[in-house]
Amino acid sequence: MPDLTKFLLSEDQIPTAWINVLPYLQQPMAPPINPATLQPLTPAELEPIFPRALIEQEFSPQPEIDIPGEVLDIYRLWRPTPLYRARRLEHALQTPAHIYYKYEGVSPAGSHKPNTAVAQAYYNKREGIRRLATETGAGQWGSALALACRMFGLDCTVYMVRVSYDQKPYRRMIMHTWGAEVFPSPSDRTNSGRAVLAAAPDSPGSLGIAISEAVEDAATHADTNYSLGSVLNHVLLHQTVIGLEARRQMALAGEEPDVVIGCFGGGSNFAGLALPWVPDKLNGRSSARLMAVEPAACPSLTRGVFAYDFGDTSKLTPLLKMYTLGHDFVPAGIHAGGLRYHGASPLASHLLAHGLIEARAYPQLTVFEAAVQFARTEGILPAPESAHAIRAAVDEALEARRLGRPRVILFSLSGHGHFDLSAYENYLAGKLVDYAHPEHEIARAMAALPKV
């Protein structure tokens, strides 16, 4: 069993404020741009789809933002989450490294996503919104928002990437159980979805397409707002509760991490763990490496370009400066569906461009190899997304063994894999294959980047 004896915080030690790294940045981020005017986006331009409170958080200069009491009351259902030391994995690897993992799979939805879903539902409810529309890749975000909407009495509509809709029926079922309506994307419910289906009736979908549908849905219904599970600053802000707790727990363990690792799709999980270390890195109080790990089949950080691009396929969103593969990019249907996004958080992209974080990409077979090794040593079946962080943690531990030097490794186990058993079935049966997009396909998608 995992060793957690030292690393539990009491309920009254849940952070009462999120940390906002924007005011700590030495170089300001490039602003979002209105694609029609090519001028910096104003907060008022976001009001048709977001509540004012979240818009304020998106641009806030405050280093800390208080967590509302109603949000904390729901957080207490599963927070603080435990920090484990993976002693059995260390023993199997014969490494001098100490491996710790922050386990977010104990939330009701089984992942880190409720940390922001609950906050977003609260702020929307407070401003009189009746329904939230969103997209989801593998279903973790859709499940989290369905849960949060249920707790605040909101209706919830989820556009689920078609390949995951087919691969992961149990995630659909849990969303239905919590009262959400779920549609495979591309769908025939929106102009965006119908356009994709007309051009490619068998499209597997993508997060970019699903975002287009959800944004269109919200923009065309006065009682509905859009809710996003990653990428934007306010989403990453809410997730910093993970890293704030982890810092206290590492102090209880008497150790400071040499490397902090999180899987990376849009950036919420990685940022949630890593951002609380950024101010200390900027002022020289920490030398921890902050590592984002993505799939080789959707390598926005490692093969993308740092440029302005749309966050969705139908070009309904503002232009964001981020690492991107191009808004037309449709990734392969790998089982880590939550990481199949063409772009990356502008904040995480800014940190990467300025050398404050690093990025690594893995194909899915070596990721599942690490996932199975982790399950067989630590006893927890990880989500395929989370397994990318495990792969990197294992490699860091093996490097410590090769060098004969101790190393403290901290990674985020962002969710369990109980709804991903078909992926494990395919892996164990030898049916999964690695896939890396040909350079010419990436180049073709990048050719459509807007000229800014």
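Within 10 Å, count the other beta carbons around each residue, average over each peptide in 402-409, 103-110, and list them highest first.
Peptide ranking by packing, descending: 103-110, 402-409.
What list do you get for SER349, SER314 if you sort them by fewest beta carbons within 10 Å?
Starting with the residue having the fewest Cβ neighbours, the order is SER314, SER349.
Quickly estimate the mean residue ellipticity at 222 nm for the chain, helices only: each DSSP H run with n ≥ 4 gives -39500 (n - 2.57), and the total goes over all residues, rounded to 500.
Mean residue ellipticity at 222 nm (helix-derived): -11500 deg cm²/dmol.
Above 27 Å lies some portion of the pair distances; for the range 162-301, what is it as a whole percent of all C-alpha pairs?
38
Can you sort THR313, THR116 so the residue with the fewest Cβ neighbours within 10 Å comes first?
The order, fewest Cβ neighbours first, is THR313, THR116.
Note down the Stokes-Einstein diffusion coefficient of the range 173-213 in µm²/s, whole number, using a Kirkwood radius over alpha carbon pairs, 4 °C, and 1.567 mPa s.
Working: Rh = 10.7 Å.
For these conditions, the coefficient is 121 µm²/s.
Please compute the Cα-Cα pair-distance distribution of the range 259-351 with 5 Å bins starting at 0, giving whole percents from short to long.
3, 15, 23, 22, 18, 11, 5, 3, 0
Once you sort the root eigenvalues of the Cα gyration tensor of the range 317-412 as a ≥ b ≥ c, which label holds: rounded (a/c under 1.5), prolate (a/b larger than b/c) or oblate (the other case)?
oblate
Rounding to the nearest 20 debye, state how big the charge dipole of the chain is about its Cα centre with +1 on each Lys and Arg Cβ and -1 on each Asp and Glu Cβ.
Rounded to the nearest 20 debye, it is 680 debye.
Place +1 on the Cβ of every Lys and Arg and -1 on the Cβ of every Asp and Glu in the chain, take the dipole about the Cα centre, and give the residue among THR190, LEU325, GLY415 whose Cα lies farthest towards its positive end.
Of the listed residues, the answer is GLY415.
Can you bin the range 102-200 into rounded, prolate or oblate? Criterion: square roots of the alpha carbon gyration tensor eigenvalues sorted a ≥ b ≥ c, rounded for a/c under 1.5, prolate for a/b above b/c, oblate for the rest.
Taking the square roots of the gyration eigenvalues as a ≥ b ≥ c, the range 102-200 is oblate.
Take every Cα-Cα distance within the range 140-243, group them into 10 Å bins from 0 onward, and report for each bin the whole-number percent of pairs it holds.
15, 44, 35, 6, 0
Over all directions, average the projected area of the Cα convex hull of the range 25-178 and note it in nm².
13.4
Hey, can you grab everything whose amide H is under 5 Å from the amide H of HIS98? Only 5+ residues off in sequence or another chain; H modelled, so Pro and N-termini drop out.
Long-range HN contacts for HIS98: ARG407, VAL408, ILE409.
Counting other Cβ atoms within 10 Å, which trypsin sites (Lys or Arg not before Pro) in the range 243-332 have at most 16 and lie in a DSSP loop?
ARG285
Per residue, how big is the convex hull around the C-alpha atoms of the chain? Give it to me in cubic angstrom, could you? The partial results should precede the final answer.
Working: hull volume 59.0 nm³, N = 452.
Spread over its residues, the Cα hull of the chain gives 131 Å³ apiece.
Any lysines with Cα under 25 Å of the LYS281 Cα? List them, leaving off those in the same chain fewer than 8 positions away.
LYS102, LYS321
Order these peptides, 119-128, 68-77, by their mean beta-carbon neighbour count within 10 angstrom, highest first.
119-128, 68-77
With the Cα gyration tensor of the range 19-116 in hand, convert its eigenvalues to equivalent ellipsoid semi-axes via √(5λ) and list them largest first in whole Å.
37, 20, 13
Using only the Cα atoms of the range 412-452, construct the convex hull and provide its projected area averaged over every direction, in square nanometres to one decimal.
Details: hull surface 23.1 nm².
Taking a quarter of the hull surface, the average projection is 5.8 nm².
Mean shadow of the range 350-396, computed from the convex hull of its alpha carbons, in nm²?
Averaged projected area of the range 350-396's Cα convex hull equals 3.8 nm².
Quick note: the coordinates plus some simple rules give every number you see, no bench work behind them. Being a predicted model, the structure only gives us computed values, none of them experimental. Positions of Cβ are generated from backbone atoms using ideal geometry, with glycine treated the same way; all protein chains shown enter the neighbour counts.
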